[in-house]
Amino acid sequence: MPIRPKKVKKTKAKISGGSSSKSFLLRLPSFLGSLSLYSVRSDTSNCGGGLVGAAAAASNCTTQHKLHHGVNNSGRWSIPGSATAFVTPAQSAAPEGTTSSPIRADTHSSPLLPMKRPPAAFTSSIKRSFGLGTAGLNMSSSSATKGTESSSTNNNNKPTTGPPLSKFRSSLSHSWLQQLSPEDPLNAEKSISAHVGSRGRDGRAASAQRPVFNGHYVLVRPTPLKNPKLVVHSPELTAELGFAEGEVRSGPFVRYFSGDVDGAFADIDDRAQGVASEGGAYEGTVETWATPYALSIMGKRYTNNCPYGTGDGYGDGRAISVGEILVPREDGDATTTAGTASSYPHAASRYELQLKGAGQTPFCRGADGRAVLRSSIREFLASEAMHHLGVSTTRALSLVVSDSPGGDTSNRPWYSDNSKSRELPGMDDPRLARYDERQKREILSQLAAQSKSDPDMMVEERCAITTRVAPSFVRIGHLDLFARRVEMLAMKDDGGEKEPIKETSRYQELEDMMWHAAYREFYETAYAPYFDKKDSKAASLAVLDGAMNNIARMVGGWIRVGFVQGNFNADNCLVGGRTMDYGPFGFLDVYHPLMAKWTGSGDHFGFMNQPQAGYANFAVLVESLLPIIDANDGDVDEVRDEVLKKAQTVFSEAVDVAMRSKMGLDSDALSEGLGEQADELWSEIEPLLKHARGDWTMFWRQLTYVAAKYSPVKKLEDGGVYTASDYDAMMTMLLGEGSTNPFYDALTDENRSTLRTWIENWHKLLTECYNHSLDQSKDGVIAAPEETMRLANPKYTLREWMLVDAYTKADAGKSPGNPFSVAGDYTGVHELFELCKDPYGEGSAELHKKYYRRAPDESLRAGGTAFMS
């Protein structure tokens, strides 16, 4: 019998908090979701008339997104981890008894009081509590030179012993090609004949749209950029991958990572004979590949986005993998040989490199396979920004542009200078007359969040390629695809005797994909203990457990830093729980639980709905591995129920940890009975942030400054208590001055009273948690709560108005009949790259003035900045 998705009743899952009895209603994937009063619905027939109906219709999804939407509009989360980076901002000279880190002469003097540094032991423990190992926290401050090619100082400046990229080439080890199956030649011939009519450039696979009926990959060559020019690279990552700085500035490096994979090795003497890596990953030429996967949105499987209506045409449309490499680790096992497949993971780390925008693949669905400079700048900077924010992510190695004259360009729909979101009604609009004040503000708040439009012009833009890097790019969609094919086989009834599922090629493709995910992402827990025993059931369960925790921690991190992925389908969700596909993303300016930049996000991918979207993606992963569990005598109903029930708690706790860390509240202390008070604090402040249009980053950073100046540690040491006048001063400090005021709307008297009460309640709980933690400490030494807040609340995030300024300068100089007549100015790109490297620091006075502020008012309505398509 086929394994069908099982409907699960809405469940109440306790959040973390020990004896706390508070719980949140869990809103599960599409077929289980429920809507609150003002949530946008895919079916607007019951939304009422007037502005309420208009609010619903304004954000209606495209056909492929017409689902039940999960979040509620109240800002409550149900399946909400945090990953933070331990970086102490540079401070002004510290008084005696404190420790300050070295600072530059131009470092901005922050409103933070000098703080005692936590003990070294705490440094490690807090990293572990946020789910990060120390290896993932390298906050390199090395700079990229502003200019056409970036350069930096790193720890890998040893001269190469051969031609550029020779070391890189010798480290290639393509486990995807070695462990998984290519497209069957007969099926490839059938597809090419029916849909293309000729073979591709390499004689093995067509580089034009066509269905792919089986196999885990298709061999396809990148299409090189004309006149490639290196714009920026990550010095930290190039060193980590083993590139010498001279290589990065070399012609072969630029050629390889602009798609000219063959031309990059023209100078290597032994190229004619071929250099075979272990396992035969290539012979004479580096093999490059694209992969098929499936599309699922909020737990619902789709095929209508596929050109053939079957799901056989979905996959990497413009991303091409150009290698996996093994890089020896300094702490590696000396008993294994570094640089060989057997050295992974004990003596070497494995990285996969993909070119985004490298040309057409069979999965391009009619598009040109290119990325433009604008989107590539956003991808590069966002990838590196998330890394330095301490949230698990794919990385960006390099950004190469096709330079003029003679470079490649593509036409893209985009927004004119006159494109704005529509004017919103006022509180006195007659259509709102039947609503009370609270409901009016709710409706207008939602209209503001969802007032978006499509592009109104076509623009010609330079093409570019970003090289993204990760330990693997195994997506949930990969497993989803092969699971569907197994289920289709199980449902097929041709009247004859059926071959046992486990003996079919389709089942073998699914199981191979699972083993590969285990090998790449969860080697120690899912691969090594079970592969030799061929215990695929136990391995599948271990993959689920690892993916559950990693994805939950990732989405908790998104909430913490104010990030909206925008298109969080299962195919954009890596099994390893890394942020990827920086397309329609955005960092919050104005807080709203349904906020998203992309016009197609609907509310199911809105800011506070992301934990539910992550849970829905995880549910797809569960369904995708159930055929393996079923084929190995597992009880699929029992496994499904147990795993999803556990996931509800894990996802909910992940967001709890994130939100409590933003308020400086110690989770261990809260588990002793204070958890309900912490949850109530968020419930009390969330409506004010929404209705007075609070700035997510500014509010929490200003609150951090309040915690620093009015620290429970300082008052405890002085033997005093805070008074009413102190709480008044706290509110004054929180509200800042001018552009550092975290609210876009002026606070009413009622709002000010609410905020004043909230600050007092928050600070009292902050003090109580600190005192409790101090009492429970064995040595009487714990970190001050303001330190936890500083780790949780970045000062700088990569806001869209910053990016618009940078990419506009970079792609400037167009003129009628002579586009791109002026060289691009990349200084803004480099400045933002430097800013991204220290998001928790104070920065220079210049950076503070320029970037620590609310978004400019005009950016909150401008097409391409406030929203995009």
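The values are calculated or read from the model by the stated rules, or taken from the named source; none is laboratory data. Just so it is clear, the structure is predicted and the values come from calculations on it, not from any experiment. Note that we place each Cβ from the backbone using ideal geometry, even for glycine, and neighbour counts take in every protein chain shown. Note: accessible area is taken over every heavy atom of the protein model, side chains too, but ligands, DNA and RNA are not part of it. Shrake-Rupley method; radii C 1.70, N 1.55, O 1.52, S 1.80 Å.
Are any residues in the range 372-396 closer than 20 Å to GLY317 by Cα, within 11 Å of the chain's Cα centre (by Cα) and open to solvent by 10 Å² or more (accessible area, probe 1.4 Å), and if so, which ones?
Correct list: ARG395 only.
What are the residue pairs meeting all of these: first residue in the range 271-298, first residue closer than 21 Å to PRO163 by Cα, second residue of a type in the set (Phe, Trp, Tyr) and at pLDDT 80 or above, Cβ atoms under 6 Å, and 6 or more apart or on different chains?
Sorted first by the residue in the range 271-298, then by its partner, the pairs are ARG271/PHE265.
Name the residue that is nearest to the chain's Cα centre (by Cα), counting only residues in the range 684-713 that are of a type in the set (S, T, N, Q) and modelled with pLDDT of 95 or more.
THR697
Keeping to the range 351-371, report how many residues are open to solvent by less than 10 Å² (accessible area, probe 1.4 Å) and closer than 15 Å to THR409 by Cα.
Number satisfying all stated conditions: 5.
Can you tell me how many residues in the range 500-542 are under 20 Å from the mean Cα position of the chain (by Cα) and assigned to a helix (DSSP H, G or I)?
3
Can you report the number of residues in the range 310-330 which are on the phi > 0 side of the Ramachandran plot and either surrounded by fewer than 22 Cβ atoms within 10 Å (Cβ to Cβ) or part of a loop (DSSP other than H, G, I, E, B) (or both)?
1
Go through the range 227-261 residue by residue and tally those that are among the hydroxyl-bearing types (Ser, Thr, Tyr) and assigned to a helix (DSSP H, G or I).
2
For every residue, the table says whether it meets (1) under 20 Å from HIS478 (Cβ atoms); (2) open to solvent by 20 Å² or more (accessible area, probe 1.4 Å); (3) in contact with a strand residue (DSSP E or B) (Cβ under 6 Å, 6 or more places away or on another chain).
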site: MET491; (1), (2), (3): no, yes, no
site: LYS498; (1), (2), (3): no, yes, no
site: LEU510; (1), (2), (3): yes, no, no
site: TYR527; (1), (2), (3): yes, yes, no
site: LYS533; (1), (2), (3): no, yes, no
site: SER536; (1), (2), (3): yes, no, no
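Being more than 24 Å from LEU180 (Cβ to Cβ) and modelled with pLDDT under 90 is the requirement here; does ALA281 meet it?
So ALA281 does not fit the description; no.
Do we have any residue at all in the range 589-600 that's under 22 Å from GLN648 (Cβ atoms) and out of contact with any helix residue (DSSP H, G or I) (no Cβ under 6 Å at 6 or more places or on another chain)?
no
Looking at this structure, is GLY200 assigned to a loop (DSSP other than H, G, I, E, B), within 23 Å of GLU509 (Cβ to Cβ), at pLDDT 95 or above and in contact with a Pro (Cβ under 9 Å, 6 or more places away or on another chain)?
For GLY200, the condition - assigned to a loop (DSSP other than H, G, I, E, B), within 23 Å of GLU509 (Cβ to Cβ), at pLDDT 95 or above and in contact with a Pro (Cβ under 9 Å, 6 or more places away or on another chain) - is not met.
Just the residues that are crowded, with 19+ Cβ neighbours inside 10 Å and modelled with pLDDT under 90, please, taken from the range 167-191.
If the condition is that a residue be crowded, with 19+ Cβ neighbours inside 10 Å and modelled with pLDDT under 90, then ALA188, SER191 are the ones that fit.
In the range 561-583, which residue that is aromatic (Phe, Trp, Tyr) and part of a loop (DSSP other than H, G, I, E, B) is farthest from HIS388 (Cα to Cα)?
Looking at residues that are aromatic (Phe, Trp, Tyr) and part of a loop (DSSP other than H, G, I, E, B), I get PHE568.
Considering each residue of the range 833-869, count those that are surrounded by fewer than 23 Cβ atoms within 10 Å (Cβ to Cβ), within 22 Å of the chain's Cα centre (by Cα), over 28 Å from GLY600 (Cβ atoms) and among the small types (Gly, Ala, Ser), and give that number.
The qualifying residues number 0.
ARG484 versus (1) modelled with pLDDT under 85; (2) more than 30 Å from SER404 (Cβ to Cβ); (3) open to solvent by 10 Å² or more (accessible area, probe 1.4 Å): which is the lone unmet condition?
(1)
Just give me the residues in the range 809-832 being within 24 Å of the chain's Cα centre (by Cα) and either at pLDDT below 95 or among the β-branched types (Val, Ile, Thr) (or both), in sequence order.
Result: VAL829, single match.
Return the only residue of ALA470, ALA449 being under 27 Å from ASP581 (Cα atoms), touching a Gly at 6+ places or on another chain (Cβ under 9 Å) and at pLDDT below 70.
Residue meeting the stated conditions: ALA449.
Do we have TYR293 as touching a Phe, Trp or Tyr at 6+ places or on another chain (Cβ under 7 Å), surrounded by 21 or more Cβ atoms within 10 Å (Cβ to Cβ), modelled with pLDDT of 65 or more and not small (Gly, Ala, Ser) here?
Yes: the conditions hold for TYR293.
At least 3 residues that are of a type in the set (Gly, Ala, Ser) and within 30 Å of SER773 (Cα to Cα) in each: list the helices (runs of 4 or more DSSP H) lying fully within the range 584-698 that qualify.
Result: 636-662, 675-691.
State yes or no: is GLY583 surrounded by fewer than 24 Cβ atoms within 10 Å (Cβ to Cβ) and either within 14 Å of the chain's Cα centre (by Cα) or of a type in the set (Ser, Thr, Tyr) (or both)?
In short, yes.
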